[in-house]
Each structure stands twice: as structure tokens, then as C-alpha cells.
Amino acid sequence: MREKLSHDVDRRSFLKHTAGAAGAAGLTAIAGCFGDTGDGGDGGGGDGGDGGSAPGADGEMVMKTASETTAAYSMSQVIASAVSQNSDEVTVNARPSQGTNRNVAEVTQGKTEIAYVQNWTANKIREGEDPFGDLDYQPYQVFHLYDLAWFMASANDGWTSVSDIGADSAVSPTPRGSGTAEMLEYALGFAVDDYERTSIGYSDQASAMSEGRLDAGAGTYVNLSIEPGWLQQMKSTVDLRVLDFPDEVVSELEDDPAIVVSDIDMSDFEDYGYTPDTLSTPTLAYNFIVREDHDYDTLYNFLTTLWEQREGLQEETGLLAPLAEGDAWVKNAYSDFPFHPAAADFYEEQGLWSDEFVRGEE
């Protein structure tokens, strides 16, 4: 179902919190609940949140990233397998999720032991923004997975810019319920007054475009250079056109503390109906989080095992090749967002800890 989405948005004073950004207030940890984020599935296998043992105390961890058609989910399956097959203490079960907002809810409610979020969501958690103002438990970060440059794309003839989106255009800036959707909606608000907001899964966007049900959908480049499978499918199904932001809008986005903009040389990307020479588009850094009371030994053993297997991860998927280098584990750490003590100790032992990082309380 479509809904009219107007973009007279309140451009709130968020802070950039990728590596090197300025600090902000600490996290809140007070009781509360989440609204419906559209997740109708089984929550997971955590045992915390109701007065039981700490998450991970039994050595079992449910890991969530994104939907099952995404590169992130494939990467989580490889990570889960590498740890489970090489550890006698930890078992990891990778499951699909309904987005980063839902991931926060499930981690803090003890339904999922470890899940990823991105800097947009992390900033809202730290600032106590809705829907994260009343968390029962404080999330702690663990390690960096990847960076994603998000952009809008269309199969409509002649479209080259997001400014081609009109009031009657059907637009899906990623499915509802994710922090990515909030960020893209916010960024689009700088260039588009309103549009018909629809919600279509990544792998269904191409068919929706072919059938005339979608004028603009979302695309992404993993680590600013790699096309996920569903994006390749879109290119093979429709004459896909990459939509750039107008120069004056890019300048506004770069000046806005809520947005991180990346410039991508498009000369190496092929088989599109149209691409700009350089794509300037919002980018998100994705890091894993756990609950503050996650079992220390289980998380430490998880990190130790994954570290020992890091060079072999790329044999299963090249997307995990950066983890072979130690610096990638703490790349784009969220400023003033605590690391779990187990992660802090682990990184200190590996020589990766920085004085700019924050260690969470035991």
C-alpha cells in the first residue's frame, strides 16, 4: 500500500558518529517498549530480558543483520559457520531480520544476542531519539562489518536525478522498519517535496519496476565498490538508471551533521542504463551490537574464534575480505558509543584499541 509522504521534515541536529566525529551525550537505559516495526516473524532465541540469565550465558548466540536476500545475511551465515565449527564454547545461528530498528529492539529485549545497526540508528540510540528513548538495556558495540553507500535507482526513461521524482511517483527508499529507510527519506527531503511512499523488498524491486508499480527504488554498494546479488538482478531485469543528487543538494547534505556523503567513481560499473560520472550519495557504517549484560566469556570466545578464522572468511565470500586486516574490525567505530568490555579487552590485546574508544561498564 502506498502513502503520501511529505518532506517538510524537521532536520534535527544529529551528530556524525563515524570515526573521528565529535562526541555526544551518553546513552540512556530506562524502561520502555517499541512500537510495531513490521516484523511478523519469530523473534529469535535469546533468554534475557525477563529476569533470566544474561544473553549468551548458555554459549548460544542468535545473529541478525538484514533480510535473507541481502549480502549482509550471507556474510552473517559465513561468520556464524566459522565460529560454530571452530569453537567448543560458542554456537552462532544466523537468522534474517526486518531491519536495524528491529535489531535494536530484539537485542535489548533479549530475543537476539548480536545484531548489526548503522551510524544513523546508533546516533538516535545515543541521543535518546524515538523509538529508542526508553530502552531497558544499553546496547554496546562489538565490531565493524562494512560500509554501504545507498542510492536511488529507476527504470523510467530519461530519469537521471532524484529531482525527477514527483508527487505521484511510487518510491521505496528501502523497506519500512529500517534505519536505512529513515536516513534515505531524510536525504530525499532535501530534493523532493513529496512522493507516494511504498515498501518493496530488495529482490522484488525489479519486477515492481517492470510492472509499473515502482518509479524509484534503493540500491547499494558494499564498501562503496561491490554490487550485491539483488542489485545485479535488477540490472539484468530492467534498464536500471542510477539517480544522482543535484549539486546544490549534495552541498546541503555535506553540511548536514546527520548525513555522511561518499563520492563514487562510476567508471568501473557496467550494464546500467545510466550512471553519473561520479555518484555522490549517503553512506552508512554498519557495526554489530550486543546488550550491555551479554555474557563476557561467550562474547570473548566468539571474537577470539572469529579472529583465528579471519583470513579464511574471504574464501567463502569476498565481502568479508577486509576482516583479514585487524584495523577493519574497529573501522568507523561509533563515537561515545561504548564497546562491550569483552570486545574492549580483546582489542587491547590485539593492539587495536584507541584512546578515542569508550569501554562499557562491567
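The values are calculated or read from the model by the stated rules, or taken from the named source; none is laboratory data. Every value quoted in this text rests on a predicted model; they were computed, and no experiment measured them. For neighbour counting, all protein chains shown are included, and Cβ atoms are generated from backbone atoms with ideal geometry for every residue, glycine included. Accessible surface is based on the protein model in full, side chains and every heavy atom, while ligands, DNA and RNA are left aside. Shrake-Rupley method; radii C 1.70, N 1.55, O 1.52, S 1.80 Å.
Annotations for the structure displayed:
- Meets criteria (under 17 Å from the mean Cα position of the chain (by Cα), open to solvent by 10 Å² or more (accessible area, probe 1.4 Å) and either modelled with pLDDT under 95 or under 30 Å from Tyr296 (Cβ atoms) (or both)) for Pro175: yes
- The C-beta contact set for the stretch 54-71 (first residue over 18 Å from Asp295 (Cβ atoms) and charged (D, E, K, R), second residue at pLDDT 95 or above and part of a loop (DSSP other than H, G, I, E, B), distance under 7 angstrom, 6+ apart or interchain) comprises Glu68/Pro96.
- Across the stretch 216-232, a minimum of one residue is classified as within 18 Å of Ala149 (Cα to Cα) and of a type in the set (Asp, Glu).
- Single match in Ala328, Ala344 (criterion: under 24 Å from Ala54 (Cα atoms), part of a helix (DSSP H, G or I) and aliphatic (A, V, I, L, M)): Ala344
- Which numbered condition Ala218 fails, given (1) on the phi < 0 side of the Ramachandran plot; (2) open to solvent by 10 Å² or more (accessible area, probe 1.4 Å): (2)
- Among the residues making up the stretch 202-215, a single one is surrounded by fewer than 21 Cβ atoms within 10 Å (Cβ to Cβ) and among the aliphatic types (A, V, I, L, M): Ala208.
- Residue check, Tyr296 over 21 Å from Leu214 (Cα atoms) and either crowded, with 16+ Cβ neighbours inside 10 Å or in contact with a Leu (Cβ under 6 Å, 6 or more places away or on another chain) (or both): yes
- Within the stretch 282-291, being out of contact with any Leu (no Cβ under 9 Å at 6 or more places or on another chain) and either without any contact (Cβ under 8 Å) to a residue 24 or more places away in the chain or farther than 15 Å from Glu60 by Cα (or both) holds for one residue alone: Ile289.
- Of the residues making up the stretch 338-351, not one is over 12 Å from Phe143 (Cα atoms) and either within 18 Å of the chain's Cα centre (by Cα) or surrounded by 21 or more Cβ atoms within 10 Å (Cβ to Cβ) (or both).
- Number of the exception - Leu224 against (1) crowded, with 19+ Cβ neighbours inside 10 Å; (2) under 25 Å from Asn123 (Cβ atoms): (1)
- Residues located in the stretch 113-145, provided they are modelled with pLDDT of 95 or more, within 16 Å of the chain's Cα centre (by Cα) and of a type in the set (S, T, N, Q): Gln141
- Checklist (1) in contact with a strand residue (DSSP E or B) (Cβ under 8 Å, 6 or more places away or on another chain); (2) open to solvent by 10 Å² or more (accessible area, probe 1.4 Å); (3) in contact (Cβ under 8 Å) with a residue 60 or more places away in the chain; (4) not aliphatic (A, V, I, L, M) applied to Ser154, failing item: (2)
- Val171 being touching a residue at least 12 places away in the same chain (Cβ under 8 Å) and over 30 Å from Gly318 (Cβ atoms): yes
- Total residues in the stretch 182-201, condition open to solvent by 10 Å² or more (accessible area, probe 1.4 Å) and touching a Leu at 6+ places or on another chain (Cβ under 8 Å): 6
- If only residues of the stretch 239-255 that are of a type in the set (D, E, K, R) and crowded, with 18+ Cβ neighbours inside 10 Å are counted, the one that is farthest from Glu127 (Cα to Cα) is Arg241.
- Just one of the listed residues (Ser262, Ser236) is surrounded by fewer than 20 Cβ atoms within 10 Å (Cβ to Cβ), in contact with a Leu (Cβ under 8 Å, 6 or more places away or on another chain) and in contact (Cβ under 8 Å) with a residue 24 or more places away in the chain, and it is Ser262.
- Subset of the stretch 189-228 (residues that are small (Gly, Ala, Ser), in contact with a Ser or Thr (Cβ under 7 Å, 6 or more places away or on another chain) and modelled with pLDDT under 95): Gly201, Ser203
- Flag for Thr160 being open to solvent by 10 Å² or more (accessible area, probe 1.4 Å) and in contact with a Pro (Cβ under 8 Å, 6 or more places away or on another chain): yes
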